[in-house]
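Note sheet for the following structure.
The values are calculated or read from the model by the stated rules, or taken from the named source; none is laboratory data. Bear in mind that the values here come from a model prediction, so they are computed numbers and not experimental data. Ideal geometry is used to build each Cβ from the backbone, glycine not excepted, and the neighbour counts take in all protein chains shown. Each accessible area value is taken on the protein alone, full model and side chains, heavy atoms only, with ligands, DNA and RNA left out. Shrake-Rupley method; radii C 1.70, N 1.55, O 1.52, S 1.80 Å.
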Amino acid sequence: MRHDGMTSLWKLRILGIILIQPFFGAEKRSESELEFEWNPIITLERTDFVWKQFLPEGSNRDHPAVNVFGSKSKDISRIPFPATLVVTSGLDLLRDWSRRYYEWLIKSGKEAKLIEYPKVPHAFYAFPYVPEAHMLINEIKEFVSWTIRICSISIEQQDSTPYAGNP
C-alpha cells in the first residue's frame, strides 16, 4: 500500500465537468474572435501571448492541446467521459470555440449541455450586479445536483438519464 496519497487518487471518479468560457483556439480565426477582438477583458493579442507561452516551441494554435477538435485531435468516442456543462457568452471572442467544443462532445457521443448568455461579455460572472451571473450559479447548482443524483442512481441501477437542464 502506498502512503503518498496516490492510492486514493486512483479511485477518484470525476462525475462531471463544468467549463465556463473554455479556452480553445486554432490558427484560423473564428468569427467571434474577429468580431470581438476589441473586448477589453480578453483580446486576441492576449490569447496569442498565452498560447505562445503555453505551447511547445515551434507549435502553433492547431496543436491538439489548443484545437482539441481539429484535424490533429484524438477520437474520444470510445473512452468514458463525464457529463459536461459548457458555458459561453454571446459577446465573447471565445464563443465560437466553446460552441465547437460542445458540438465535438455531442458528435463523440458524450453527454453535454451548452448554455449561452447572449448579451454579456467574457468574464461576466465576475460582476455580481449582472443578472446572468446569478443565472449561471443556478445552472451550476442544477448541473451538480443532477450529476450527483444520476451517478448515485447509475451506481445502484447501472442506468443513466440525459441532463436536460432541469434535474
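Give segment 112-127 a look and list any residue that's farther than 20 Å from residue 67 by Cα, open to solvent by less than 90 Å² (accessible area, probe 1.4 Å) and not hydrophobic (A, V, I, L, M, F, W, C), or say none.
116, 117, 118, 121
Output yes when any residue across segment 76-84 is open to solvent by 40 Å² or more (accessible area, probe 1.4 Å) and part of a helix (DSSP H, G or I), and no when none is.
Scanning segment 76-84, I find no residue that is open to solvent by 40 Å² or more (accessible area, probe 1.4 Å) and part of a helix (DSSP H, G or I), so the answer is no.
Being within 19 Å of residue 102 (Cα to Cα) and free of Cβ contacts under 8 Å to residues at least 24 places away in the same chain is the filter here; which residues of segment 55-72 pass it?
63, 64, 65, 71, 72
Regarding residue 90, is this residue among the small types (Gly, Ala, Ser), at pLDDT 95 or above and not in a helix (DSSP H, G or I)?
Yes; evaluated as a whole, the condition is true for this residue.
Only one of (1) touching a residue at least 40 places away in the same chain (Cβ under 8 Å); (2) surrounded by 12 or more Cβ atoms within 10 Å (Cβ to Cβ) is not met by residue 108, so which one is it?
Unmet for residue 108, out of (1) touching a residue at least 40 places away in the same chain (Cβ under 8 Å); (2) surrounded by 12 or more Cβ atoms within 10 Å (Cβ to Cβ): (1).
Given the structure, is residue 94 of a type in the set (A, V, I, L, M), buried (at least 20 other Cβ atoms within 10 Å of the Cβ), out of contact with any Leu (no Cβ under 9 Å at 6 or more places or on another chain) and closer than 26 Å to residue 47 by Cα?
yes
Please work out if residue 19 is open to solvent by 100 Å² or more (accessible area, probe 1.4 Å) and either at pLDDT below 85 or closer than 23 Å to residue 117 by Cβ (or both).
Here the answer is no, as residue 19 does not meet what is asked.
Go through (1) at pLDDT 95 or above; (2) surrounded by 21 or more Cβ atoms within 10 Å (Cβ to Cβ) one by one and return the number of the condition residue 134 breaks.
Residue 134 satisfies all of (1) at pLDDT 95 or above; (2) surrounded by 21 or more Cβ atoms within 10 Å (Cβ to Cβ) except (2).
Assess whether residue 65 counts as being surrounded by fewer than 18 Cβ atoms within 10 Å (Cβ to Cβ) and aliphatic (A, V, I, L, M).
Against the criterion (surrounded by fewer than 18 Cβ atoms within 10 Å (Cβ to Cβ) and aliphatic (A, V, I, L, M)), residue 65 qualifies.
Hey, does segment 7-14 have a residue that's over 21 Å from residue 71 (Cβ atoms), open to solvent by less than 60 Å² (accessible area, probe 1.4 Å), among the hydrophobic types (A, V, I, L, M, F, W, C) and modelled with pLDDT of 80 or more?
There is no residue in segment 7-14 that is over 21 Å from residue 71 (Cβ atoms), open to solvent by less than 60 Å² (accessible area, probe 1.4 Å), among the hydrophobic types (A, V, I, L, M, F, W, C) and modelled with pLDDT of 80 or more.
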